[in-house]
Amino acid sequence: MRSPATDTPWHMASRRLTAHRPAVAGLAVLAALALAVPAAPLLGGGVVADALSAGQGSLAFALLAGLIGGGAGVVWGTLAVALGQRAERAMMSLANRLMGLPLVLGVLLASGLAGRGLGLLAGMVALTAAPAVAVLTQGELRSLLRREFLTAAQASGLSGRAILRRHIAPNAALPLAAAAWTALPRALAAESFASLLGLGLPDGVPSWGGQLATAVRLGDPLAVAPPALLLALSLWSLCAIGDGLRAAAGGRP
Amino acid sequence: MSTPLLEAEALSIHTGRDILLDRLSFAVNPAEVLSITGAAGSGKTLLLRTLAGLPAPGAWIEGEVRAQGRRLLVTQDGALTPHLTLGAQFAELLAHHLGLDERAARQRAVAALEHLHVSAAARRLALYPHELSEPMRWRAVLALALAAEPTVLLADAPAASLDPTLRARLLDELAGWARETGAALVLSGRPEDGVTGPATRALNLDRGRLTESTPPTETAVNGEAPPPGPPILSVRELRVAFPLGRTWRGEDRWLTVVDGLSFGLAEGEILTLLGESGSGKSVLARAVLRLVPPAGGQVAWMARDLATAPPEAMRRARRDLQMLFPDPAAALDPGQTIGAQFDETLEALRPDIPAAGRARVIGDTLREVGLPDSVLTRFPATLAPLEAARAGLARALLPGPRLLVCDEPAATLSGVERETFLTLLLELRRTRRLSLLHATQDADTGLRLGHRALVLLSGRVVEEADCATLAADARHPYSRALIAAAEARRPALHGDPPSALRPPSGCPLRLRCPRARDYCAQAIPPLDEVSPGHRVACHYWDTNGSDAA
């Protein structure tokens, strides 16, 4: 038997995360990128160093838009559950319908019509990620609210507020974090797609999509490879970590 | 004496480090039904797999298994291939085993399904597994096995997820098939899975060894006379219904789960709520504690109506009314230690106990339920089933309740552990002078523990009597079926319970009832008094008919 101190739910969740091998690989890749990208200007010139330094713009923007989108999605899903049955049905059917649309085209449309502003782009990219996060959030919360220990807490005389604070919030934290994480790869993909078409980040902000566009325009296959590979690698790591988080949140020991 | 169809001789299985099965020897003759019972993890599944010739990888097998003819194993979950229709699965299996073409396979499939009393069998062959109800899925799984005409059929915990009434009948039909065709049938399961009922020979698997099965020597029995006295809990015309949305005409649709139920519970009394799953017993138990909002009626605790009680009064009432949940581990927050949750319960329900005094109360209660203090620092996921059940009991006892509402309190426990826990529950009830409201689908446990019983069907009481009377002289066909199933006899009800969304007119049992006549469709039978304290809701309770079988 293990000692109780290592059997806390957080320990078990982290064990499940580290048992998920793609997630561990993804974390390693992402950590390496996080070190290499800021250090890229020190490496001097060359296609690889250029591609690495372009990651600054892409990753920072993905983080920003992903946080906004993930946060908005979590708020959306939580409000839907909190506001009662009718609101829930309306809000979730909107989210489901939006999820079915190619929202990335909205990013292009907005950039094309209103010019390439960082704020507008961040907002639109966040919007592409939010509905999927909202759907995940609502599902997680609904299944959490059905769990028996909440009924038991009610039988133990706890008020609704105490149950929310002590039982629902702590148990929702990890599943909702896992749901919100899915906004990061979506944001990165949407931004890269828009930048590839020249409708993404403003000129002067380096990004993988922008570099790819330049390389393709010049017809230089050697220059295409580094940003394309780095982009694919980051997308894969983000998705793998997302899967690992979901396994950590959902699994039973 | 005919030669056995299946024979194991000094069969041992070990992993190199642990001995899993230890020198088992037995034989199964034609037309014989052997049951192998054992607690969870005793090696039943491993044994059956080995007997079927599908040994687990990584295990060493010694000794010998001899079988004649075709062996077939029905696995524990009774899995069907999800993307194939039933007809296609029959065709595939029968083509493989018997080399039948599709038409012949179809005919045989229909015959096998009809043997297990599946109505409109030919039409069911077009269905996919997910379109079948759980009882129907089990009939299909077993029919699939019968159709392949095995000489040895091994079934691992067959139909364990079904209600006892349905399961007992299905197992009886399976045994009947074995006797008819001269096949050997091996059924395995936990002691409470009812596999011993149709068996001609019963063996018990305990820590890798086989013994002739004997009924457990120590069973929890309530020997006391029912205490007289006025009711402390009284439930009047309680109704619980859930909204289902609207029809196209704009009328609200409701799913009525508890339909105008009334009863009283005296101090120190044990009242059993007996019924199949879906009969409303669990919802009733929760509605009494106001964990499910009632749609109408009254629940009065000490002459105070709980439905209209303000939060403060409700909290005072919760101190007296506590609950045991069917899955005690799931009723504990996975993110907090047991100690933190106990503390929280005491803090909410007993503000009169100072924070410094809580540890003493918790320690005393832990000793009462037989748990060490070290359990307080552990998390629910690390508890064994019996420990979790004890922890759930301790939490319910902490505030010093006077009524325990138990919803299948031993559902996660098996065999000896189950009896240990129920004995503890009875003992604590006596020392603490608790009243118990005990909801269960197992008539045996329910009638053994209780003073008085209510038999529930579709949210209504169909029979009410004291437990001794009910055990000896149940009048309602549904009560008789529940008791028969608990004794592993064949219940006389046929077919599956109707959907709660489309209940039949008149008597809710009439579609399954052996006594049903035309009049049953017209009126819901009222509760008639048969003898003092014994009431039955059946139009024909006095026609003591042929439904004893």
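The P(r) of the protein assembly as shown has a tail past 51 Å containing 29 percent of all C-alpha pairs. Computed from Cα atoms, the angle from the helix A:221-250 axis to the main principal axis of chain A rounds to 0 degrees. With a cut-off of 12 Å between beta carbons, the residues surrounding B:ASP407 carry a summed charge of -1, where Lys and Arg count +1 and Asp and Glu -1.
The accessible-area loss of region A:118-164 on complex formation, taken against its chain alone with a 1.4 Å probe, reaches 40 Å² or more at A:GLU148, A:PHE149, A:THR151, A:ALA152, A:GLN154, A:ALA155, A:SER156, A:GLY157. The trypsin sites (Lys or Arg not before Pro) found in region A:93-151 that occupy coil by DSSP, while having at most 11 further C-beta atoms within 10 Å, are A:ARG146. Burial annotation for region B:334-354: residues with an accessible-area loss of at least 50 Å² between the isolated chain and the complete set of protein chains, computed on heavy atoms with a 1.4 Å probe, are B:PRO334, B:GLU344.
Round to a whole number: what % of the accessible area of chain A belongs to carbon and sulfur, probe 1.4 Å? Answer for chain A: carbon and sulfur cover 69 percent of the accessible area.
Kirkwood analysis of the Cα pair distances in region B:231-536 returns a hydrodynamic radius of 20.5 Å. At 4 °C and 1.567 mPa s, grab the translational diffusion coefficient of region B:490-549 from Stokes-Einstein with a Kirkwood Rh over Cα pairs, rounded to a whole number in µm² per second. This corresponds to a translational diffusion coefficient of 103 µm²/s.
Report the Cα centroid-to-centroid distance between region B:440-462 and region B:157-213 in angstrom, as an integer. Using only Cα atoms, the two centres lie 24 Å from each other. A 1.4 Å probe run over the protein chains yields, for region A:113-218, 42 Å² of accessible area per residue, whole-number rounding. Once the gyration tensor of the Cα atoms in chain B is diagonalised, the equivalent ellipsoid follows with semi-axes of 42, 31, 22 Å, ordered largest first. What the Kirkwood sum gives for chain A is a hydrodynamic radius of 19.9 Å, with every pair of different alpha carbons counted. Residues in chain B average 43 Å² of solvent-accessible surface per residue, probe 1.4 Å, ligands and nucleic acids excluded. When chains A and B come together, the accessible area they lose, probed at 1.4 Å and totalled over both chains, is close to 2000 Å².
Neighbours of B:GLU102, meaning other residues whose beta-carbon lies under 12 angstrom from its beta-carbon, give a summed charge of +1 when Lys and Arg score +1 and Asp and Glu score -1. Carbon-plus-sulfur accessible fraction, chain B (probe radius 1.4 Å, protein heavy atoms only): 52%.
Shown here is the pair-distance distribution of region B:6-212: with all Cα-Cα distances grouped in 5 Å bins from zero up to the longest one, the shares run 1, 8, 16, 20, 19, 15, 11, 7, 3, 1, 0 percent.
Using only alpha carbons, region A:13-98 has a radius of gyration to Kirkwood radius ratio (Rg to Rh) of 1.19. Note that region B:444-533 carries a Kirkwood radius of 13.9 Å, evaluated over its alpha carbons pair by pair.
Net charge dipole, the protein assembly as shown: roughly 1460 debye, given to the nearest 20, about the Cα centre with Cβ charges of +1 for Lys and Arg and -1 for Asp and Glu. Comparing the full protein assembly with the isolated chain, the residues of region B:282-303 losing at least 20 square angstrom of accessible surface (1.4 Å probe) are B:ARG286, B:LEU291.
The values are calculated or read from the model by the stated rules, or taken from the named source; none is laboratory data. Model, not experiment: these values are computed from the prediction. Methodologically, a virtual Cβ is constructed for each residue, glycine included, from the backbone with ideal geometry; neighbour enumeration extends over all protein chains shown. Heads up: the accessible areas ignore ligands, DNA and RNA and are worked out on the full protein's heavy atoms, side chains in. Shrake-Rupley method; radii C 1.70, N 1.55, O 1.52, S 1.80 Å.
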